[in-house]
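J.: Take this structure first; my questions come after.
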Amino acid sequence: MLNIPLIHEAIDEFVLKGGAEEYLVSIPEQKPRGYLGMSGLGGDCQRAVWSDFRKVAKKSFPSRMLRLFRTGDIYEFRFVHMLRGIGFEVFDKDSKGKQFKAVDFGGHVSGSMDGVAKAPAKFGYDKPFLLEFKT
């Protein structure tokens, strides 16, 4: 089992020692999806899932939610930086510099992940694991 409290301690130590955060954040303009996102497949209402896929209604979010989405985009860089700073091996981009993506059913269903990581042995887990960051 991954030792989460030990990871928190290591990140705190890394940040306190001045682990410089030098990176460029580039957030692309959000366009309407031409596919059903995998995260929407688990919804309780099948009609809502179908309506979302068929673009029955345009989704709109209040400005507060849009700010939170952007904050999440920015923090992905920080989370990866901190994990690498404490010795994790992190794979967060494919060969084209994009997030890893899974696509099925002729492109009608798609989902992306924030990355895959492998922890140093001292954190008690030796298998690669999926990264999905939420703020």
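The values are calculated or read from the model by the stated rules, or taken from the named source; none is laboratory data. What you see is a predicted model, and the numbers here were worked out from it, not measured in a lab. Just so you know, the surface numbers come from the protein's heavy atoms only, side chains and all, with ligands and any DNA or RNA stripped out. Shrake-Rupley method; radii C 1.70, N 1.55, O 1.52, S 1.80 Å.
J.: How large, in percent, is the carbon and sulfur part of the accessible surface of the chain at a probe radius of 1.4 Å?
T.: Carbon-and-sulfur percentage of accessible area, whole number: 57.
J.: Sticking with this structure for a sec: From Cα pairs below 8 angstrom and at least 6 apart in sequence, can you work out the relative contact order of the chain, rounded to a whole percent? Before the final figure, lay out each step's value.
T.: Working: 138 pairs, mean separation 39.3, N = 135.
It comes to 29 percent, rounded to a whole number.
J.: Got a sec to turn the phi values of the stretch 6-15 into Karplus ³J(HN,Hα) couplings, 6.51 cos²θ - 1.76 cosθ + 1.60 with θ = phi - 60°, whole Hz, x for Gly and Pro?
T.: Values, residue by residue: 5, 5, 4, 4, 5, 5, 4, 5, 4, 5 Hz.
J.: Roll a 1.4 Å probe over the protein heavy atoms and report the accessible area of GLU76 in Å², nearest 10.
T.: The value for GLU76 is about 50 Å².
J.: With every protein chain present, what accessible area does VAL56 have (1.4 Å probe, heavy atoms only), rounded to the nearest 10 Å²?
T.: We get 100 Å² for VAL56.
J.: Further question: Bins of 10 Å, beginning at zero and ending with the bin holding the largest distance: percent of Cα pairs per bin for the chain, please.
T.: Whole-percent P(r) values from 0 Å outward: 10, 32, 33, 19, 6, 0.
J.: Express the accessible area of the stretch 9-135 per residue in Å², computed with a 1.4 Å probe while the remaining protein chains stay in the model.
T.: 75
J.: Please tell me which of these pairs span more than 23 angstrom C-alpha to C-alpha: LYS31/LYS59; LYS93/LYS134; LYS98/LYS118; LYS55/LYS96; LYS101/LYS122; LYS31/LYS58?
T.: Details: LYS31/LYS59 11 Å; LYS93/LYS134 18 Å; LYS98/LYS118 19 Å; LYS55/LYS96 29 Å; LYS101/LYS122 30 Å; LYS31/LYS58 12 Å.
Checking Cα-Cα distances, LYS55/LYS96; LYS101/LYS122 exceed 23 Å.
J.: On a C-alpha basis, how far is the centre of the stretch 104-132 from the centre of the stretch 46-91 in Å? Whole number, if you could?
T.: Their Cα centres are 15 Å away from one another.
J.: OK, next. Ignoring ligands and nucleic acids, what accessible area does HIS108 show with a 1.4 Å probe (Å², nearest 10)?
T.: Here the residue's solvent-accessible area equals roughly 100 Å².
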